[in-house]
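Coordinate-derived values only; no laboratory data. As the structure is a computational prediction, the values presented were derived from the model and not from experiment. Quick reminder, even Gly has a Cβ in these numbers, built from the backbone with ideal geometry, and neighbours come from all protein chains shown.
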Amino acid sequence: MPVSTTVPVTPDEYKPGATIAVDIDDEDVTVTVVRACMPFTVSQVLIVRTSEPTPTSIDPTPTSILPPNKLVALKIYDPRFTGRRGEKKDGLPVCYPWSAENEAKAASRRQWWQKRDLDSTDAVDGEEYYWREQEDSQLSEVKTYEHLESLQGAGVPRLLGYGYLRCGPSPRRSVVPPVVFLEYIPDATRIYDIDPQLLTPSLVRSLIETVSAFEGLDVSHGDLNAGNVLLSPAKRPTRAVVADFGYAAWREAYEEDADWRKELARRDDVGSLRRLLRNTLGMDDDELSHFASAPDS
């Protein structure tokens, strides 16, 4: 029987009412879990409420990086809870259960200046694989959102901050999971859960315009599927958002034009989005183009 590729049960650490401590730019921030977005896949997505900064005699009117007493989305990249442990990728059977012992051994083998080849038969190397994926995914999110600053708050969520999870004493951890805070989009639903009749021409047009803008901002999403396109509010959507940039690519300063164009062509974000919209709306490409250019009825 294959191992599940998701985490189906909410861990105690992420149940409603649990508090989570993070470090953002050397600022200690505590948030309270409202709900976990289950099941977890790669990262762990939580809806949390931020706290009010505590006044002190030194700073009677403190400010915080995060908006106080607001709902925000928190993405935690913790290999302990990744749902990828049941998958096979790049020849490595990543189905080993998490253990503090293997995590510690993987950390002791780690060399910051290079990434060694991994042994597919070694549970410790399996743990290293999970950690690399979590680190790489958070870095992709942060770098991509920085490139997409002009689209934040409209076609993509707003990046509110990023940092690291403050893990408790038990179990003892050998890694410090990175985190990202994003704008909370209320009553959002994935495009595959929406009634296609609610997809207006203006919503379709906004999605195409958003994804078409990625190339000019030196970004490629690379994973445009029905789970990464959100509409809000669910019953009468007025906003369409592209989310989850964990597999995104961004152009490095040294990257040659030809190499970057090849990467863009391979990923084909606009083509992926148009296929998704055609399947959702039951249209061919000409019909989709006509629909997207029409006024809302």
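How would segment 111-156 be classified by its alpha-carbon gyration tensor: rounded, prolate or oblate, with rounded meaning a/c under 1.5 and the a/b versus b/c comparison settling the rest?
Judged from the Cα gyration tensor, segment 111-156 comes out prolate (a/c at least 1.5, a/b above b/c).
Once the principal axes of the Cα atoms of segment 189-293 are found, what is the range along each, listed largest first in whole angstroms?
45, 27, 17
Name the longest site-free stretch of the chain, where the excluded sites are chymotrypsin sites (Phe, Trp or Tyr not before Pro) in a DSSP loop with no more than 10 other beta-carbon atoms within 10 Å.
On the way: sites that count: TRP112, TRP113, TYR254.
After excluding every exposed loop site, the longest remaining stretch is 114-253.
Sort GLU215, GLU103 so that the residue with the fewest other Cβ atoms within 10 Å of its own Cβ comes first and the one with the most comes last. Numbers along the way, then the final one.
On the way: GLU215 16, GLU103 22.
Ordered from fewest to most neighbouring Cβ atoms within 10 Å, GLU215, GLU103 come out as GLU215, GLU103.
Per residue, how much space in cubic angstrom lies within the convex hull of the C-alpha atoms of segment 12-183?
Spelled out: Cα convex hull of segment 12-183, divided by residues, is 150 Å³.
Counting only other residues whose beta carbon sits under 15 Å from that of ARG158, what net charge do I get with K and R as +1, D and E as -1? Kindly include the intermediate steps, with their values, before the conclusion.
Numbers: positive: LYS70, LYS75, ARG239; negative: GLU141, GLU146, GLU149, GLU183, ASP244.
Charge balance in the 15 Å sphere: -2.
Give me the net charge of ASP78's neighbourhood, meaning all other residues with Cβ under 13 Å from the Cβ of ASP78; Lys, Arg count +1, Asp, Glu -1.
Summing Lys and Arg as +1 and Asp and Glu as -1 gives +1.
Any chance you could list P(r) for the chain, counting all Cα-Cα pairs in 5 angstrom bins from zero, rounded to whole %?
1, 5, 10, 14, 16, 16, 14, 11, 7, 4, 2, 1, 0, 0
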